[in-house]
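The values are calculated or read from the model by the stated rules, or taken from the named source; none is laboratory data. Fair warning: this is a prediction, and the values are worked out from it, not measured in the lab. Glycine gets a Cβ as well: all are built from the backbone with ideal geometry, and neighbour counts include every protein chain shown.
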């Protein structure tokens, strides 16, 4: 009996312990969703993909643009993003195109005639579109067909790049029209209400700006889509605007503190009125390096002794790491400081950064800008009686290797093992495969004629003058 009672007691203790642990587990589940002291100042709302943006967009854009114009870190972040995202341009290679079509494409892309403003070629426009998207959240491109360009032997297409401010934000009912973009009842985009002039370029008389409806087929609107049914983008630095401002304020305060510390001033005290003649002068209200102030009788200088701020360098590093993370760049790329990293960590950071770059290229630029503009080009080329393929392969700008010897050897082994194609490797390095092969063919033939042997040539060196098939 005693043994049975002891066993029942142990079982009851075990059950109570299990129930208590289960209750604690349920208590901790989704703790962030509970109303506790830790969450009492956490105000949230379940807004739609456009309602939150609608309230904040105007101020976000203005403040971000102001920081880009005046804050070196915001300016640097945007440059790092665009220089890696677009660089010297994403090159298009139409598949199976004729020499005439390729010539027409290259002639159009390499001239500033493709720009409605006549300032940039196709690759410069790519960079401008990316910069506008990163700085102001989105960018507009309008198709302009000008048949007079055919007199110069060019395809009659011009691109007009515009800031998203050209959208008539006043036309917004939250349903059929959002941010000046008009949709059908099924949710398909029908067109854009574009202002006649930029709202920031109006004169002081406050003349009301009218807007015109433009069909969706004539406009491209590029932005990073972060939520389903999102109708407009937000600046890339939206999550770190306060960090950027804090960094600037702290830097200015530290600079002022250093300047004041450098202003050594001598003060002369006297208990004898006859020794120095203050001449009834008024005490200065500013400090100057090397100044000597003679204090009148009864006057005394007392300086405040504010509490010392934490380590300035580590404090700034903390904020700069947050800024780099908010923009999606590395701390080293943002600041140019490489003293805190070794080769492996620098390479891992660079790889992660280029994943962000690849996402911007293949999720934003190529589907929203490159492919549609290539279709516009084909439509305009028919007017010049030039026909080309619909498919185009895009080659990003060349990526600098962190360790060329090791990385190039790895690429060579990958091609040999069949893990990747030679063309894939060439495109990843920013080269167009067909151009590389054509140049290699010409180089090998020329080398054989001159009796030379290149390592890329697997054949025997041919005698001088022998024609190479």
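Of note:
- Whichever residue in region 124-142 is more than 18 Å from residue 235 (Cα to Cα) and surrounded by fewer than 22 Cβ atoms within 10 Å (Cβ to Cβ) and, among such residues, is farthest from the chain's Cα centre (by Cα): 142
- Residue in region 195-220 that is modelled with the lowest pLDDT, counting only those that are in contact with a helix residue (DSSP H, G or I) (Cβ under 8 Å, 6 or more places away or on another chain) and under 17 Å from residue 116 (Cβ atoms): 198
- Selection status of residue 325, surrounded by 12 or more Cβ atoms within 10 Å (Cβ to Cβ), under 24 Å from the mean Cα position of the chain (by Cα) and modelled with pLDDT under 80: no
- Residues that are within 16 Å of residue 220 (Cα to Cα) and within 20 Å of the chain's Cα centre (by Cα), drawn from region 113-123: 122
- With respect to (1) exposed (fewer than 13 other Cβ atoms within 10 Å of the Cβ); (2) in contact with a helix residue (DSSP H, G or I) (Cβ under 7 Å, 6 or more places away or on another chain), the lone exception for residue 406 is condition (2).
- Among (1) surrounded by fewer than 19 Cβ atoms within 10 Å (Cβ to Cβ); (2) part of a helix (DSSP H, G or I); (3) touching a residue at least 40 places away in the same chain (Cβ under 8 Å), the one test that residue 80 misses: (1)
- Counting only residues that are assigned to a helix (DSSP H, G or I), out of contact with any strand residue (DSSP E or B) (no Cβ under 9 Å at 6 or more places or on another chain) and in contact (Cβ under 8 Å) with a residue 24 or more places away in the chain, region 359-409 holds 2 of them.
- Filter result for residue 352 (without any contact (Cβ under 8 Å) to a residue 12 or more places away in the chain and out of contact with any helix residue (DSSP H, G or I) (no Cβ under 8 Å at 6 or more places or on another chain)): no
- Checklist (1) buried (at least 19 other Cβ atoms within 10 Å of the Cβ); (2) closer than 30 Å to residue 105 by Cα applied to residue 218, failing item: (1)
- Flag for residue 196 being within 25 Å of the chain's Cα centre (by Cα) and either in contact (Cβ under 8 Å) with a residue 24 or more places away in the chain or within 28 Å of residue 65 (Cα to Cα) (or both): no
- Pair list, Cβ < 7 Å and 6+ apart or interchain, from region 48-74 residues that are touching a residue at least 60 places away in the same chain (Cβ under 8 Å) to residues that are exposed (fewer than 14 other Cβ atoms within 10 Å of the Cβ): 49/227; 49/228; 49/229
- Index of the failed condition, residue 13 passing every other in (1) outside any helix (DSSP H, G or I); (2) at pLDDT below 90; (3) surrounded by 10 or more Cβ atoms within 10 Å (Cβ to Cβ): (1)
Quick grid of which residues meet (1) touching a strand residue (DSSP E or B) at 6+ places or on another chain (Cβ under 9 Å); (2) over 30 Å from residue 335 (Cα atoms); (3) part of a loop (DSSP other than H, G, I, E, B):
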| position | (1), (2), (3) |
| --- | --- |
| 44 | no, yes, yes |
| 55 | no, yes, no |
| 60 | no, no, no |
| 66 | no, no, no |
| 84 | no, no, no |
